[in-house]
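All remarks here apply to the structure that follows.
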Amino acid sequence: PSAGDLPRPIRVVSKVVRGFGRGSKELGIPTANVSGGGDDFACSIGEFASLPTGIYWGFGRVGEPLDDAEGESVIGRVLPAAISVGYNPHYKNKEKTVEPHLIVESQHPRRHASSTQETLLEDFYGESIVLSICGYIRAELPFEGVDKLIEAIKRDIKATENLAANCDAEAMAEKQWVASARKL
């Protein structure tokens, strides 16, 4: 099925794994790479391979839920997420990846800390990750150069912020699910 035909929300529970390192180092837009293998991965629509490619928005949480997540750490907090699912055509990946970029609020100290003025996350390899994919933004596309890719990702982040801030009751319910979920 195509991305537009799939039921949403799509719920994912997994672990954060080391990726290619391009999000932080090359793009200045770090992601929490989702493990797609073994017992670490559970998805409301089936196996990792069944996730449709595209750029999505939703909500995510790394680590165990916290009742009162204050301070700089993003661990335990529910945050809007711009989520790439696919093969990263700019890099011609052979394996599918799920890469959410978690977005803290604009006044948070980590919000404009990366080289491209986006959220700079701490390392949380091995932590649990809970995602709810609430909506489709666009298809994944190849770009002519890294600068064009960064511009597109920044537009995706802005779209995610707007959609998350103005979400409907169904998406708000998904945000609440992300806050408390430990498994599907």
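Below are the figures for this structure:
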{"read-out": "Pairs with Cβ under 6 Å, 6+ apart, first in region 102-119 and farther than 20 Å from L27 by Cβ, second loosely packed, with under 14 Cβ neighbours inside 10 Å", "value": "P109/E72"}
{"read-out": "Among (1) in contact with a His (Cβ under 8 Å, 6 or more places away or on another chain); (2) surrounded by fewer than 21 Cβ atoms within 10 Å (Cβ to Cβ) - the single one T31 does not satisfy", "value": "(2)"}
{"read-out": "Test set (1) surrounded by 13 or more Cβ atoms within 10 Å (Cβ to Cβ); (2) modelled with pLDDT under 90 - I157 fails condition number", "value": "(2)"}
{"read-out": "Tally, over region 157-184, of residues that are in contact with a Phe, Trp or Tyr (Cβ under 8 Å, 6 or more places away or on another chain) and acidic (D, E)", "value": "1"}
{"read-out": "Pairs, first under 13 Å from V17 (Cβ atoms) and charged (D, E, K, R) in region 38-52, second open to solvent by 70 Å² or more (accessible area, probe 1.4 Å) and in a strand (DSSP E or B), C-beta under 6 Å, six or more apart", "value": "D40/K15"}
{"read-out": "Some residue of region 6-13 being over 26 Å from C167 (Cα atoms), part of a loop (DSSP other than H, G, I, E, B) and modelled with pLDDT under 85", "value": "no"}
{"read-out": "Filtered residues of region 34-59 (kept if among the hydroxyl-bearing types (S, T, Y), open to solvent by 30 Å² or more (accessible area, probe 1.4 Å) and at pLDDT 85 or above)", "value": "S44, T53"}
{"read-out": "Test: H101 is at pLDDT 90 or above and surrounded by 18 or more Cβ atoms within 10 Å (Cβ to Cβ)", "value": "yes"}
{"read-out": "Scan of region 105-135 for residues that are of a type in the set (A, V, I, L, M, F, W, C) and either out of contact with any Ser or Thr (no Cβ under 6 Å at 6 or more places or on another chain) or surrounded by 21 or more Cβ atoms within 10 Å (Cβ to Cβ) (or both), ordered by number", "value": "A113, L121, F124, I129, V130, L131, I133, C134"}
{"read-out": "Filter result for S180 (surrounded by 13 or more Cβ atoms within 10 Å (Cβ to Cβ) and of a type in the set (S, T, Y))", "value": "no"}
{"read-out": "Unmet criterion (only one of (1) touching a Lys or Arg at 6+ places or on another chain (Cβ under 9 Å); (2) charged (D, E, K, R); (3) touching a residue at least 24 places away in the same chain (Cβ under 8 Å)) for E99", "value": "(1)"}
{"read-out": "Selection within region 60-91 - surrounded by fewer than 16 Cβ atoms within 10 Å (Cβ to Cβ) and without any contact (Cβ under 8 Å) to a residue 12 or more places away in the chain", "value": "L66, D67, D68, E70, G71"}
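The values are calculated or read from the model by the stated rules, or taken from the named source; none is laboratory data. Values in this document were obtained by computation on a predicted structure and should not be read as measured data. For neighbour counting, all protein chains shown are included, and Cβ atoms are generated from backbone atoms with ideal geometry for every residue, glycine included. These area figures cover heavy atoms from the full protein model, side chains too; ligands, DNA and RNA do not enter into them. Shrake-Rupley method; radii C 1.70, N 1.55, O 1.52, S 1.80 Å.
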